[in-house]
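Working notes, structure below.
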Amino acid sequence: MRANFIFSEVWIGLRRNLTMTIAVVITVAVGMAMLGVGLMINAQVSMMQTYWYDKVEISVFLCADNSASEKCGGKAVTPEQTAALKTQLEQTAGVAPGGVIYEDQKQAYENFKQYYATNKALIDAASVKDMPTSFRIKLTDPENYEPVMKAAEALKGVSQVVNQREIIGKFFSMLDTLRWAAVVIAVILVLAAALLIGNTVRLSAFNRRRETGIMRLVGASNLYIQLPFVMEGMIAGLIGGVLAAVLLIVAKVFMFEEITKFIAIGAPLGWDEVAQAITLTMVIGVLICVLASSVTLRRYLRV
């Protein structure tokens, strides 16, 4: 098998079907980039879940003069009631030792300003007196939060009990939807790329039907005849994979790292996860192109 002949045939095929090859490269690049973004989002969500689910707390808000809860009756808890509530919560089954932390109005206001740092108008409209006092409760088992919530809700002087995991869970559900949307779009684009590759190989085989016929008459093997066409698809897939890798690096720098400036991710996506996504998408892109070329040749190239 002469390598020079194989590479010359590959070059001829790519040159004759240049526009189709460019379309294949772009489709593979976009499809693999979307698949890579989906993988990166999946890795980021998994890291965030591991990080935040171990840190979630139950917030127990105490009655204040302006509390809307009927349980409070418009009366704020006294310092004595606050101390008694803390003791009762510490003795509740499922609460971690030393896991009941009191947050006064001043601390609540500082946390409020930090959380809404980008909304100056909201910060200016609020004051320390508007902030509720509360307890932050850490659990021995974050999965078993319902008994602690029920026990806290039954205590006198408690206005509202909020499980932070439920709030975080809604955010993670949104990220899961985004992840699957990216994967679905990627699959559609990959199928489109496979069809484009099949058409490209079919046109190339038709344009060179005379050469392949002569090669078959002189006894060339099926592999020798098919290899240039398969290599065309492989090269297109490889170039598309490289472009997808560039897009994933850009997404890491300008999307994932920028998001961390506005959202407390806690466990930012690392370059190792990006490298894994790039490697996997490049392998998948090349394999899809090779398989699409092989299947097309079996149907349309009579050897």
Worksheet item: Among the residues of the range 68-97, which ones are charged (D, E, K, R), closer than 29 Å to Glu143 by Cβ and at pLDDT 85 or above?
Response: Lys86, Glu90
Worksheet item: Among the residues of the range 132-154, is any farther than 26 Å from Thr27 by Cβ, touching a Lys or Arg at 6+ places or on another chain (Cβ under 8 Å) and modelled with pLDDT of 80 or more?
Response: yes
Fill in: Every residue from the range 72-86 that is in a loop (DSSP other than H, G, I, E, B) and surrounded by 14 or more Cβ atoms within 10 Å (Cβ to Cβ)
Cys72, Ala76, Val77
Fill in: Output for the range 140-173, where each listed residue is part of a helix (DSSP H, G or I), under 30 Å from Asn42 (Cα atoms) and either in contact with a Phe, Trp or Tyr (Cβ under 8 Å, 6 or more places away or on another chain) or free of Cβ contacts under 8 Å to residues at least 12 places away in the same chain (or both)
Glu146, Arg165, Glu166, Ile167, Ile168, Gly169, Lys170, Phe171, Ser173
Worksheet, complete the sentence: Within the range 126-136, the count of residues that are assigned to a helix (DSSP H, G or I) and surrounded by 12 or more Cβ atoms within 10 Å (Cβ to Cβ) comes to 2
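With the structure loaded, tell me whether Ile123 is part of a helix (DSSP H, G or I), more than 30 Å from Lys252 (Cβ to Cβ) and free of Cβ contacts under 8 Å to residues at least 60 places away in the same chain or whether it fails that test. Explain how you work it out, then say what you get.
Working: part of a helix (DSSP H, G or I): yes; more than 30 Å from Lys252 (Cβ to Cβ): yes; free of Cβ contacts under 8 Å to residues at least 60 places away in the same chain: yes.
Criteria met by Ile123.
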Worksheet, complete the sentence: Filtering the range 152-188 down to residues that are under 24 Å from Gln107 (Cβ atoms) and touching a helix residue (DSSP H, G or I) at 6+ places or on another chain (Cβ under 8 Å) yields Ala152, Leu155, Lys156, Gly157, Val158, Val161, Asn163, Arg165, Ile168
Discussion item. Going through Leu243, Leu238, Leu247, Leu287 one at a time, which residue ends up being modelled with pLDDT of 80 or more, in a helix (DSSP H, G or I) and loosely packed, with under 13 Cβ neighbours inside 10 Å?
Written reply: Leu287
Response to the item:
Per the list (1) surrounded by fewer than 19 Cβ atoms within 10 Å (Cβ to Cβ); (2) modelled with pLDDT of 80 or more; (3) under 21 Å from the mean Cα position of the chain (by Cα), residue check on Gly38 breaks on (1)
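Okay, residues lined up against (1) assigned to a helix (DSSP H, G or I); (2) surrounded by 12 or more Cβ atoms within 10 Å (Cβ to Cβ); (3) of a type in the set (Asp, Glu):
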{"residue": "Gln88", "(1), (2), (3)": "yes, yes, no"}
{"residue": "Pro97", "(1), (2), (3)": "no, no, no"}
{"residue": "Lys113", "(1), (2), (3)": "yes, yes, no"}
{"residue": "Lys138", "(1), (2), (3)": "no, yes, no"}
Worksheet item: Here are Ala33, Ala23: which of them is surrounded by fewer than 20 Cβ atoms within 10 Å (Cβ to Cβ), among the small types (Gly, Ala, Ser), modelled with pLDDT of 65 or more and not assigned by TED's automatic domain parsing to the domain that holds Gln107?
Response: Ala23
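The values are calculated or read from the model by the stated rules, or taken from the named source; none is laboratory data. If you're wondering where the values come from, they're calculated on a predicted model, not measured in any experiment. Here the Cβ is made from the backbone with ideal geometry for all residues, glycine too, and neighbour counts use every protein chain on show.
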